[in-house]
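Chemist: Next up is a structure, given as structure tokens.
The values are calculated or read from the model by the stated rules, or taken from the named source; none is laboratory data. Just so it is clear, the structure is predicted and the values come from calculations on it, not from any experiment. Counting neighbours? That spans all protein chains shown, and the Cβs are built from the backbone with ideal geometry, glycine included.
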Amino acid sequence: MIVRQLTCGAIRNSHLYAHLRKPWGSQSMARPSSDLAAFREIFSKANNIAILTGAGVSAESGVPTFRGAGGYWRKWQAQELATPEAFARNPSRVWEFYHYRREVMLTKNPNPAHLAIAECEERLSKQGRKVTVITQNIDELHRRAGSKNILELHGSLFKTRCMSCGDEAANYKSPICAALEGKGAPDPNTHDAQIPVQQLPRCEKTGCHGLLRPAVVWFGETLDSDVLTSAEKVLDSCDLCLVVGTSSVVYPAAMFAPQVAARGVPVAEFNMEDTPATMRFKFHFHGPCGTTLPPALMGHRVQEK
Ligand SMILES: [Zn+2]
């Protein structure tokens with residue numbers, strides 16, 4: 001139910017702001033609790049936990065987003081390069097941008113928030129309990145931290161899709177192709193490498209050799225319906241939902257978490273700031289999630305009687 005409206009509407013990717021309807025503010029709601037013991041009591045009984053994560057988790061690992069003040073690659077921000085139109089116009093420049101982002105990730109590591117989530121999943125799985133990460137991040141830091149159940153709403157920097165045959169494949173090559181070696185410098189004075197399209201990453205399927213693109217959801221593109229359907233199932237069945245490092249104003253958390261809360265399921269927000277949705281949630285833990293999340297998700301001691 002939750003996500004269905006996304007799949008059949010003109011809903012696009014994360015950059016779309018959800019409608020913030022008046023009723024949120026017009027009801028007088030209590031401020032969410034920041035009582036860690038109360039959260040942990042609920043956490044100790046939850047069997048199916050959905051964890052929505054966003055850019056804030058990656059930011060604490062130093063992953064650049066190329067958005068907002070100072071967030072430039074050469075003269076551009078992500079919304080100017082991460083589009084099908086930009087790729088059609090200048091695939092060499094867009095590949096330089098993504099090559100740079102892939103290479104940057106080789107120097108970044110999961111932070112305590114990623115690790116706490118992964119450890120929680122592993123620990124709870126031994127008790128027959130389930131943790132699913134639903135992320136808008138494309139950097140695979142959850143996977144590298146050890147998380148297994150991950151739904152990547154926006155795809156991955158380390159997957160490619162063939163423009164000819166549609167094949168999607170994992171790709172961790174560095175550099176991704178010979179022509180991109182040493183390219184992609186972010187300084188504003190760098191000239192475009194103008195790599196001929198035949199030398200950009202190409203499909204390795206027998207007889208195809210089509211042009212590859214990053215398998216990420218670009219501005220103006222719709223999300224993968226299989227991933228959305230899976231996310232819907234998780235959110236419909238979860239008995240605890242965490243919103244970590246993402247503003248609940250911006251899709252997907254804006255759409256998902258308030259509806260989970262409306263179902264009467266406890267939602268706990270771990271974020272640097274309040275958001276318009278905060279008042280709908282049971283818990284809000286303020287601060288960097290690398291600091292707030294580990295104590296919230298650490299193991300419970302064996303039952304003391
Ligand atoms: Zn192909």
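Chemist: Yes or no: region 82-96 includes at least one residue that is free of Cβ contacts under 8 Å to residues at least 40 places away in the same chain and within 16 Å of the chain's Cα centre (by Cα).
Modeler: The answer is no, given that none of the residues of region 82-96 is free of Cβ contacts under 8 Å to residues at least 40 places away in the same chain and within 16 Å of the chain's Cα centre (by Cα).
Chemist: Would region 173-190 turn up any residue that is of a type in the set (S, T, N, Q) and closer than 30 Å to Phe285 by Cα?
Modeler: Looking for residues that are of a type in the set (S, T, N, Q) and closer than 30 Å to Phe285 by Cα, one finds none in region 173-190, hence no.
Chemist: Can you pull out every residue in region 131-187 that is within 16 Å of the ligand (Cβ to nearest atom), part of a strand (DSSP E or B) and in contact (Cβ under 8 Å) with a residue 24 or more places away in the chain?
Modeler: Listed by number, the residues that qualify are Lys159, Thr160, Arg161, Cys162, Glu168, Ala169.
Chemist: Looking at region 108-129, which of the residues that are aliphatic (A, V, I, L, M) and over 16 Å from the mean Cα position of the chain (by Cα) is surrounded by the fewest Cβ atoms within 10 Å (Cβ to Cβ)?
Modeler: Filtering region 108-129 for residues that are aliphatic (A, V, I, L, M) and over 16 Å from the mean Cα position of the chain (by Cα), the one surrounded by the fewest Cβ atoms within 10 Å (Cβ to Cβ) comes out as Leu124.
Chemist: What's the number of the condition Val234 fails, among (1) closer than 18 Å to Gln136 by Cβ; (2) not in a helix (DSSP H, G or I)?
Modeler: In the conditions (1) closer than 18 Å to Gln136 by Cβ; (2) not in a helix (DSSP H, G or I), Val234 misses (2) alone.
Chemist: Same structure, new question: Among (1) part of a strand (DSSP E or B); (2) more than 16 Å from the ligand (Cβ to nearest atom); (3) farther than 30 Å from Asn48 by Cβ, there is one condition Phe97 misses while meeting the rest; what is its number?
Modeler: The number of the failed condition is (1).
Chemist: Counting just the residues of region 206-220 that are within 14 Å of the ligand (Cβ to nearest atom) and outside any loop (DSSP other than H, G, I, E, B), which one comes out farthest from Ala88 (Cα to Cα)?
Modeler: Initially, region 206-220 is screened for residues within 14 Å of the ligand (Cβ to nearest atom), giving 206-213, 215.
Within this subset, residues satisfying the condition of being outside any loop (DSSP other than H, G, I, E, B) are 211-213, 215.
Working: Leu211: 11, Leu212: 12, Arg213: 10, Ala215: 15 Å.
Here the residue is Ala215.
Results for (1) assigned to a loop (DSSP other than H, G, I, E, B); (2) assigned by TED's automatic domain parsing to the domain that holds Lys45; (3) more than 16 Å from the ligand (Cβ to nearest atom), shown as yes or no for each residue.
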{"residue": "Asn189", "(1), (2), (3)": "yes, no, yes"}
{"residue": "Asp192", "(1), (2), (3)": "yes, no, yes"}
{"residue": "Gln198", "(1), (2), (3)": "no, no, no"}
{"residue": "Glu204", "(1), (2), (3)": "yes, no, no"}
{"residue": "Cys241", "(1), (2), (3)": "no, yes, yes"}
{"residue": "Val260", "(1), (2), (3)": "no, yes, yes"}
{"residue": "Val265", "(1), (2), (3)": "yes, yes, yes"}
{"residue": "Glu273", "(1), (2), (3)": "yes, yes, yes"}
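Chemist: Hey, could you check region 221-231 for residues that are surrounded by fewer than 18 Cβ atoms within 10 Å (Cβ to Cβ) and either more than 30 Å from Val265 (Cα to Cα) or in contact (Cβ under 8 Å) with a residue 60 or more places away in the chain (or both) and say which is nearest to the ligand (Cβ to nearest atom)?
Modeler: Glu221
Chemist: Output the residue which, of all residues in region 50-99 that are hydroxyl-bearing (Ser, Thr, Tyr) and over 25 Å from Ile134 (Cα atoms), is surrounded by the most Cβ atoms within 10 Å (Cβ to Cβ).
Modeler: Among those that are hydroxyl-bearing (Ser, Thr, Tyr) and over 25 Å from Ile134 (Cα atoms), it is Ser92.
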